[in-house]
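*Asks:* Quick one: this structure, given as structure tokens, is what I'll be asking you about.
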Amino acid sequence: MVAEPEPQAAAEPVVEAVAEPEAEAVAEAETATDSAGPESDAGGSQQEQTAPTFNRVEGPAIFNRAKQGNQRRNPRHVGNDVRIDEIDYKNVQVLSRFVDNYGRIHNRRKTRVTAKMQRKVTRAIKRARHLALMPYTGEHIRITGRRG
């Protein structure tokens, strides 16, 4: 004689546990509207009943679009305060602001400079690299211990 497996009763309490907060929120909303009672205003308008709001569970911060959008809207402006006459291949301190840690030249979107100024910056950085005033890559920065 083979006994048939009985259905598990553990699944039902889980469903009820999920449904209970919703039922409590609905019950609280109903008692709040009942306790207020029908109020008559001088204009005869009635209060609008709002649906109960439930707390949403938010995921990780990396998936939050609002925070990502703010980061893109506030970029780091590198070249706003640099005048065009300050850009020279011998002025390594100014030129190093236009280069990232890996030795790559920042683009115009990040530096917020004009096209004319960006061409001048690029030309000056390449000249400084050729004369060994600036490193070509970030690896050279790590070996020598200095950035320019």
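*Asks:* Residue pairs, Cβ under 7 Å, 6 or more apart or interchain, first in the stretch 101-122 and of a type in the set (Lys, Arg), second in a helix (DSSP H, G or I) and surrounded by 17 or more Cβ atoms within 10 Å (Cβ to Cβ). List them.
*Replies:* Arg108/Gln118
*Asks:* If a residue has to be exposed (fewer than 14 other Cβ atoms within 10 Å of the Cβ) and modelled with pLDDT under 90 to count, how many in the stretch 113-135 make the cut?
*Replies:* Count: 0.
*Asks:* Out of the stretch 98-114, which residues are touching a Ser or Thr at 6+ places or on another chain (Cβ under 7 Å) and of a type outside the set (A, V, I, L, M)?
*Replies:* Phe98, Tyr102, Gly103
*Asks:* Please go through the stretch 118-130 and give me each residue that is touching a helix residue (DSSP H, G or I) at 6+ places or on another chain (Cβ under 7 Å) and farther than 11 Å from Asp88 by Cα, ordered by number.
*Replies:* Scanning the stretch 118-130 gives a single hit, Gln118.
*Asks:* Oh, and also: Give the residue that is surrounded by the most Cβ atoms within 10 Å (Cβ to Cβ), with candidates limited to residues of the stretch 77-96 that are among the charged types (D, E, K, R) and modelled with pLDDT of 90 or more. Can you show your working first?
*Replies:* Keep residues of the stretch 77-96 that are among the charged types (D, E, K, R), which gives 81, 83, 85-86, 88, 90.
Filter again for modelled with pLDDT of 90 or more, leaving 88, 90.
Working: Asp88: 13, Lys90: 11.
The extreme case among them is Asp88.
The values are calculated or read from the model by the stated rules, or taken from the named source; none is laboratory data. Keep in mind it's a predicted model, so treat the numbers as computed, not measured. We place every Cβ from the backbone using ideal geometry, glycine too, and count neighbours over all the protein chains shown.
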